[in-house]
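Notes to accompany the following structure.
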Amino acid sequence: MASELIKYLRDLSHLAFPFNCFGCKSALDEGESPICDDCRAHLPRTHYWRQNENTVERLFWGRIKLVRATSYLFFTKGGIVQEMMHQLKYNSRPEVGQILGGYFGMELDDSWYSDIDVIVPVPLHKDKLKKRGYNQCDSIVVGLAQEMKKSFRLNAVQRIRSNESQTKKGRFERWVNVNEHFAVTEPDFLTGKHILLVDDVVTTGATIEACASAILLVPGAKVSIATIACPNPV
Ligand SMILES: [Zn+2]
């Protein structure tokens, strides 16, 4: 009786708040993944992870020294990737990041990531974190780490506004623009490691460049980049 009641209430709530695909918004069946099979099958994959000197790697040439760089999907205006990124960043749906990070991790070859030691997100400034409630990159990192069977560290790097820095600039800091910079908070942990730095989208690469530059000040640190989306072409 109780289980029937639970089922009845669940069906009722499903009518009131139907579950919709994060990509195409079509109604989902109970138990179906929040990204429908059709959207998953038609994700606009870049396949850059199978391509040396791909467009994302080239974006950073002459700017920072990276081991590898890739994005998972092409981002087009009005497309399903834009919709999913919107859900992830602005609609309180961090689970989109974990799902896409998981898909990405499944498609990356072991040879692409076997020498990576730890996965780290590009951090948000704490004010933005407070407003949004979560860093959208954290869930991507978790999804990737689960599939790649790698460890991750969510707070190894911090994003700071310049006026908060009362003391002299630290050894492991790099500016992103006149107002913000990144500081490595756990340099000892990152020493000598190959770090996979994760962001949701890469466009100009300025933010990733500044964050990676801070990490590269740590002795022996190497950096690779993975983002869920990039424009086509970058
Ligand atoms: Zn869909």
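Results, tabulated for the structure shown:
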read-out: Residues of segment 57-78 that turn out to be in contact with a helix residue (DSSP H, G or I) (Cβ under 6 Å, 6 or more places away or on another chain) and of a type outside the set (Phe, Trp, Tyr), as a count; value: 6
read-out: LEU73 vs. criteria assigned to a helix (DSSP H, G or I) and either crowded, with 21+ Cβ neighbours inside 10 Å or aromatic (Phe, Trp, Tyr) (or both); value: no
read-out: Any hit, segment 60-68, residues being without any contact (Cβ under 8 Å) to a residue 24 or more places away in the chain, more than 10 Å from the ligand (Cβ to nearest atom) and not in a loop (DSSP other than H, G, I, E, B); value: no
read-out: Spans of helices (runs of 4 or more DSSP H) in segment 115-234 with at least 3 residues without any contact (Cβ under 8 Å) to a residue 60 or more places away in the chain and of a type in the set (A, V, I, L, M); value: 136-148, 206-216
read-out: Yes/no for SER111 being of a type in the set (S, T, N, Q) and in a loop (DSSP other than H, G, I, E, B); value: no
read-out: Among (1) over 26 Å from PHE189 (Cα atoms); (2) of a type in the set (Gly, Ala, Ser); (3) in the same structural domain as VAL141 (by TED's automatic domain parsing), the one test that SER26 misses; value: (3)
read-out: Subset of segment 26-47 [without any contact (Cβ under 8 Å) to a residue 24 or more places away in the chain and either more than 16 Å from the ligand (Cβ to nearest atom) or in contact with a Lys or Arg (Cβ under 9 Å, 6 or more places away or on another chain) (or both)]; value: GLU30, HIS47
read-out: Matching residues, segment 76-127, being small (Gly, Ala, Ser) and either at pLDDT 95 or above or buried (at least 19 other Cβ atoms within 10 Å of the Cβ) (or both); value: GLY97, GLY101, GLY102, GLY105
read-out: Test: LEU100 is among the aliphatic types (A, V, I, L, M), in a loop (DSSP other than H, G, I, E, B) and within 25 Å of ILE195 (Cβ to Cβ); value: no
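The values are calculated or read from the model by the stated rules, or taken from the named source; none is laboratory data. Model, not experiment: these values are computed from the prediction. Quick reminder, even Gly has a Cβ in these numbers, built from the backbone with ideal geometry, and neighbours come from all protein chains shown.
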